[in-house]
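Each reported figure results from applying straightforward, stated rules to the coordinates on display, with no laboratory input. Fair warning: this is a prediction, and the values are worked out from it, not measured in the lab. Reconstructed Cβ throughout: ideal geometry from the backbone, glycine too, with neighbour counts over all protein chains shown.
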Ligand code: AMP
Ligand code: ZN
């Protein structure tokens, strides 16, 4: 049985979804004002591994990921400029252009890293009415109050505030930044809706005049809309525990009066050279930066898989070099197994399989699972082992069957535009938009590529 560490209880717990065999999962997605860096992508690799383990264990998943294209302010204390508006001003493009551009690069990065797309991708700007209705209900119930610059959530009215981060109100108060808004009842009260200053580039009509939603309400409104409440799992990076997720819980539970999410699961941070990633230090690498230096995206995925998701991972180029050569060696050893005719004892195969499954079910212990893979390919050489490795790869997502290795012809590179069309087609199919999916297939064919559906998604080749 799968065990997973729940931040809410600080315990590794047996995983029991609300509906048998089905898992509802919400994952905080990117704020699309800039490129995703390798730290962000580590968090999505963790999400992907979690989804793959659930699927390996036989669950059907409804996963939702938001795209934050409005409302995320420069500071978590609800001040500063909206990140999208700032990017729009600096890059002289509309917020829509900014969002479309960075969203498409984000999905290209996900597909390079073999990170599967959640079933529902929800853009904040397409759910403004859901958010307004959510805020109205909170106001009606007495949890929201209006001041000059917006509608705020009154955290002192919500008894459970702080239960995720385990901070009490005094600590929240002490931790809050310099008080900028004296009308707030408590420094940690947060914005549900902000009133637009004149000239604000993104604004919508609301019962409180024109404005735009707060960042936290987006995730509450969209998770509730697509998954209902309670739902099973919420994922994100550890930085979200004290503010963003605490606030989501407050909004959810103030509205519904009951626990909203059963398992809160958080990925630890990636550091660079043992420190924070920051633009000023010039160490916020993107996947394409790594590719420019001769690494493949999957070298980076392999690098991440070597560390448990709840441990900090320090990125260095030496570490990435080691991962790159280990991954290349893995592929080349497996290639030798593929062409071997020697059988492997069935009981031995079963014992490897059991060890692998025990590892992944123990709070997604992928480093241990990789250890089982290495052990079995070193101890034997056979086609059976190759096939078992491919089964394990459903969880690892390292393209063990198709990634190019020294002994093989390199895999042909599929251009990013084609991958994007294929991903859109997959999403259309998932949304039962078969006419849309067919139109995309024709578009792909017109550009000289063939896409066929497989058990795990699709395969695209040059026609
Ligand atoms: P953002 O676009 O800032 O909302 O971040 C997207 C995701 O990346 C969130 O789940 C964050 O928790 C996560 N994240 C941000 N920085 C890092 C980092 N250095 N390491 C791992 N995850 C991160
Ligand atoms: Zn979120």
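Extending 7 Å from Cα along the Cβ direction at residue 147 and again at residue 91 yields two label points whose distance is 3.3 nm.
As a rough guide to protection, the peptides 40-52, 310-322 ranked by mean Cβ packing within 10 Å, highest first, stand as 40-52, 310-322.
At 0.36 nm per residue, and after removing the present C-alpha to C-alpha distance, how many nm does the segment from residue 340 to residue 197 gain when stretched out fully?
Details: separation 143, 0.36 × 143 = 51.48 nm, distance 6.95 nm.
Separation in residues times 0.36 nm, less the Cα-Cα distance, equals 44.5 nm.
Each label was represented as a point 7 Å from its Cα along the Cα-to-Cβ direction; for residue 354 and residue 129 these points are 5.6 nm apart. A Förster radius of 25 Å combined with the Cβ-Cβ distance from residue 435 to residue 459 puts the calculated FRET efficiency at roughly 0.65. Can you tell me the FRET efficiency between residue 401 and residue 445 if r is taken as the Cβ-Cβ distance and R0 is 22 Å, rounded to the nearest 0.05? About 0.35, to the nearest 0.05.
With coordinates expressed along the principal axes, the C-alpha atoms belonging to the range 1-105 extend over 52, 29, 25 Å, beginning with the largest. Ordered by the number of other Cβ atoms lying within 10 Å of each residue's own Cβ, fewest first, 156, 27 fall into the sequence 156, 27. Between residue 326 and residue 291, the FRET efficiency estimated from the beta carbon spacing at R0 = 30 angstrom works out to 0.95.
Projecting label points 7 angstrom from Cα along Cα→Cβ for residue 452 and residue 14 puts them 4.3 nm apart. Taking other C-beta atoms within 10 Å as the exposure proxy, 423, 387 rank 387, 423 from fewest upward.
Residues 1, 376, 229, 65, arranged from fewest to most other Cβ atoms within 10 angstrom of their Cβ, appear as 1, 229, 65, 376.
As a test of the formula, what do you get for the chain when each DSSP H run with n ≥ 4 contributes -39,500 (n - 2.57) and the sum is divided by the residue count, at 222 nm and rounded to the nearest 500 deg cm²/dmol? Spell out each step's value before the answer.
Values: 15 runs with 199 residues, N = 463.
Only helices count here, giving -13500 deg cm²/dmol.
The ellipsoid equivalent to the alpha-carbon distribution of the chain has semi-axes of 40, 25, 21 angstrom, derived from the gyration tensor eigenvalues as √(5λ) and listed largest first.
Using the average count of surrounding beta-carbon atoms within 10 Å as a protection proxy, the listed peptides 90-97, 116-123, 378-385 rank, highest first, as 116-123, 378-385, 90-97.
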